[in-house]
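These notes are about the structure you will find just below.
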Number of protein chains: 2
Amino acid sequence: MKIAFQGEIGAFSEEAACALFPGAEPTPCPTFEAVFEAVASGAAERGVIPIENSLFGSVHVNYDLLRARDLRITAEHHLRVRHCLMALPGVTLADVRAVYSHPQALGQCAAFLRERLPHAEAVPAYDTAGAAKMVAAEARRDAAAIAGAQAAAEYGLDVLAESIESNHRNFTRFLALAREADAPVPASDGAPLKTSIVYAQRENVPGGLFKSLAVFALRDIDLFKIESRPLVGSPGQYLFYLDLAGSVADEAVQRALDHLGEIAAFVKVLGSYPRGDVEG
Amino acid sequence: MKIAFQGEIGAFSEEAACALFPGAEPTPCPTFEAVFEAVASGAAERGVIPIENSLFGSVHVNYDLLRARDLRITAEHHLRVRHCLMALPGVTLADVRAVYSHPQALGQCAAFLRERLPHAEAVPAYDTAGAAKMVAAEARRDAAAIAGAQAAAEYGLDVLAESIESNHRNFTRFLALAREADAPVPASDGAPLKTSIVYAQRENVPGGLFKSLAVFALRDIDLFKIESRPLVGSPGQYLFYLDLAGSVADEAVQRALDHLGEIAAFVKVLGSYPRGDVEG
């Protein structure tokens, strides 16, 4: 079973693909578009994409692709972003004169670097896994990379220190995608499910947002996420992303969505799937 | 007047600082924390930070800093992210063998590069302005950079092509920050104002989100933004970011916020300020 993901081998997306589909074959793609295309064409059975990060927000480009393409969300996974310092086997902290990583990762690990590697220079790279790959490929014995543990395993580096980020509350939520024909809608029969939708308010509906949430509140349907996104070029018009409790196979959810259809310009269901846990 | 911003000279943040404060002196800082610190300490009169991008979502780390530090939002600006191809004077498209930029910018300009520079290699850099700086500093006559027009002016490069991104709906919203003592609360006396708040629901309030929006809907106060953010480590608990019409100096807004205080675990007002326009 092939799982398409965006990035280098060893990237956090590959780690999420392995957590969602143990034993499957993660297949790197250069762009998110290529991930959607691989799944739509059948070149991969599933795709895995990041949809939001606890520090850096929602990945709107992937919401746009979910809206444009007819794939279905089948699962979610919250991956704790744990940064590791890694170097070639035998290299010690005292040898390290340069630390390569993505600027966000360098920033998140600045306190560790200041305290434990005050003699090393922090060098920005365009990607965490790419930094690990470079240190390995160039056989640098004076350098280390900051990336996920998976990158160390992939490129034959040793982990010198793990979870070196200052803020341990760094999670990325990933979604698994499938073709609609390959993903029957699950029913809420015990396991808690979640449904993701995107919709737009109709123009000139006073209190439209409040009314659209009422269709769920009046049916005691819990919401897990709500986010508005301005429609550029249409002042005052918004897209809304909503995650709600239950499945589109549930009668209450179906009635709520029908009701939403009465007041929204459009509603698109992105999928119903089991709720993933966030580690504390 | 000094305006602290994060990034290199020539970065989009500097462009936003110049648009918000014409004639002032933009002052680069290495991190967002340093921008807040510069304003809090009085080293800079104002700070300018990105808060959300139309393709890449909210910058939660800056919301966290707004929540932790006692600065006040005094203005907003929506900057259209226009990517330009730039090179040393005299260099033509035919000379260019390598194009340096941030991977997001390279991706956004991929169609242009494929069509107009099929012979050039796209090389990832950690920053758009940093790529321009490097091409200039190393006097590369075989290379170009993709960055904002401001970076070309700053580093003495010529713009070979402008607005080369495929999606022209790429905006970043920036906020201006001041110390509370330096920023009196404006009253809604004609010019349309906006107020930004962050709040958390109290635990175990059924339909808490719906109730919290009711305090505004029942007073006909329009909302411009709503976003939930899961509190990592507190399953089922959320932070909410809300932008609403009016000023905290308005009686209706003040009553609504008092009402919200009855049902929220906490409410923090981040500032009241004039509404900025988004170009179409």
ask   = What residue, among those in region B:44-62 that are touching a Phe, Trp or Tyr at 6+ places or on another chain (Cβ under 8 Å) and part of a loop (DSSP other than H, G, I, E, B), is surrounded by the fewest Cβ atoms within 10 Å (Cβ to Cβ)?
value = B:Phe56
ask   = Going through region A:70-117 one residue at a time, which ones are touching a helix residue (DSSP H, G or I) at 6+ places or on another chain (Cβ under 9 Å) and surrounded by fewer than 15 Cβ atoms within 10 Å (Cβ to Cβ)?
value = A:Asp70, A:Leu93
query = Could you list, in sequence order, the residues of region B:118-157 that are surrounded by fewer than 22 Cβ atoms within 10 Å (Cβ to Cβ), of a type in the set (A, V, I, L, M) and more than 14 Å from chain A (Cβ to nearest Cβ)?
reply = B:Ala120, B:Ala136, B:Ala137, B:Ala139, B:Ala149, B:Ala153
request  = Of the conditions (1) of a type in the set (D, E, K, R); (2) at pLDDT 85 or above; (3) over 30 Å from A:Thr128 (Cβ atoms), A:Glu203 clears all except one; give me its number.
outcome  = (2)
message = Condition first: under 18 Å from the mean Cα position of the chain (by Cα) and in a loop (DSSP other than H, G, I, E, B). Can you find one or more residues in region B:147-154 that meet it?
response = yes
task = For region A:36-43, state whether one or more residues are of a type outside the set (D, E, K, R), more than 12 Å from chain B (Cβ to nearest Cβ), touching a helix residue (DSSP H, G or I) at 6+ places or on another chain (Cβ under 8 Å) and part of a strand (DSSP E or B).
result = no
request  = Exactly one condition in (1) within 23 Å of A:Cys109 (Cα to Cα); (2) in a helix (DSSP H, G or I) is not met by A:His168; state its number.
outcome  = (2)
message = Suppose we filter A:Ala176, A:Ala145 for residues that are within 27 Å of A:Glu76 (Cβ to Cβ), at pLDDT 95 or above and in contact with a Leu (Cβ under 9 Å, 6 or more places away or on another chain); which single one remains?
response = A:Ala176
task = Tell me which residues, restricted to region B:179-209, are without any contact (Cβ under 8 Å) to a residue 40 or more places away in the chain and among the small types (Gly, Ala, Ser).
result = B:Ala181, B:Gly190, B:Gly207
request  = Give A:Pro30, A:Pro22 a once-over and let me know the one that is within 14 Å of chain B (Cβ to nearest Cβ) and farther than 30 Å from B:Arg67 by Cα.
outcome  = A:Pro30
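Yes/no matrix, rows are residues, columns are (1) within 21 Å of B:Ala147 (Cβ to Cβ); (2) over 16 Å from the mean Cα position of the chain (by Cα):
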{"position": "B:Thr31", "(1), (2)": "yes, no"}
{"position": "B:Ile49", "(1), (2)": "yes, no"}
{"position": "B:Ser54", "(1), (2)": "yes, no"}
{"position": "B:Ser58", "(1), (2)": "no, no"}
{"position": "B:Asp64", "(1), (2)": "no, no"}
{"position": "B:Arg69", "(1), (2)": "no, yes"}
{"position": "B:Ala75", "(1), (2)": "no, no"}
{"position": "B:His83", "(1), (2)": "yes, yes"}
message = Pull out all pairs, ordered by first then second residue, where Cβ-Cβ is under 7 Å, the residues are six or more apart or on different chains, the first lies in region A:258-271 and is within 10 Å of A:Gln201 (Cβ to Cβ), and the second is surrounded by fewer than 16 Cβ atoms within 10 Å (Cβ to Cβ).
response = A:Ile263/A:Arg202; A:Ile263/A:Val205; A:Ala264/A:Arg202; A:Ala265/A:Arg202
key: Residues of region A:20-33 satisfying the condition of being part of a helix (DSSP H, G or I) and modelled with pLDDT of 95 or more   = A:Leu20
ask   = Could you give every pair whose Cβ atoms fall below 8 Å, whose first residue belongs to region B:65-86 and is without any contact (Cβ under 8 Å) to a residue 40 or more places away in the chain, and whose second residue is surrounded by fewer than 21 Cβ atoms within 10 Å (Cβ to Cβ) and small (Gly, Ala, Ser), counting only separations of at least 6 or pairs across chains?
value = B:Arg69/B:Ala40
task = Assess whether B:His119 counts as being in a strand (DSSP E or B) and not polar (S, T, N, Q).
result = no
key: Residue satisfying all of: in region B:30-43; in contact (Cβ under 8 Å) with a residue 40 or more places away in the chain and over 15 Å from B:Leu175 (Cα atoms); surrounded by the most Cβ atoms within 10 Å (Cβ to Cβ) among these   = B:Ala40
ask   = Any chance region A:184-199 includes a residue that's within 21 Å of the chain's Cα centre (by Cα) and part of a loop (DSSP other than H, G, I, E, B)?
value = yes
ask   = Could you say which residue among A:Ser212, A:Ser196 is touching a Gly at 6+ places or on another chain (Cβ under 7 Å) and on the phi < 0 side of the Ramachandran plot?
value = A:Ser196
query = Which residue out of B:Phe5, B:Phe21 is under 11 Å from the mean Cα position of the chain (by Cα) and under 16 Å from B:His77 (Cα atoms)?
reply = B:Phe5
remark   = In region B:72-112, anything away from every other protein chain (no Cβ under 13 Å) and in a helix (DSSP H, G or I) is listed as B:Leu93, B:Ala94, B:Asp95, B:Phe112
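For (1) within 8 Å of chain A (Cβ to nearest Cβ); (2) buried (at least 19 other Cβ atoms within 10 Å of the Cβ); (3) not in a strand (DSSP E or B), each residue gets a yes or a no:
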| position | (1), (2), (3) |
| --- | --- |
| B:Arg229 | yes, yes, no |
| B:Ala252 | no, no, yes |
| B:Gly261 | no, no, yes |
| B:Phe266 | no, no, no |
| B:Tyr273 | no, yes, no |
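The values are calculated or read from the model by the stated rules, or taken from the named source; none is laboratory data. Here the structure is a predicted model, which is why all the values come from computation and not from measurement. Because the Cβ atoms are built from the backbone with ideal geometry, glycine has one as well, and the counts that use them run over all protein chains shown.
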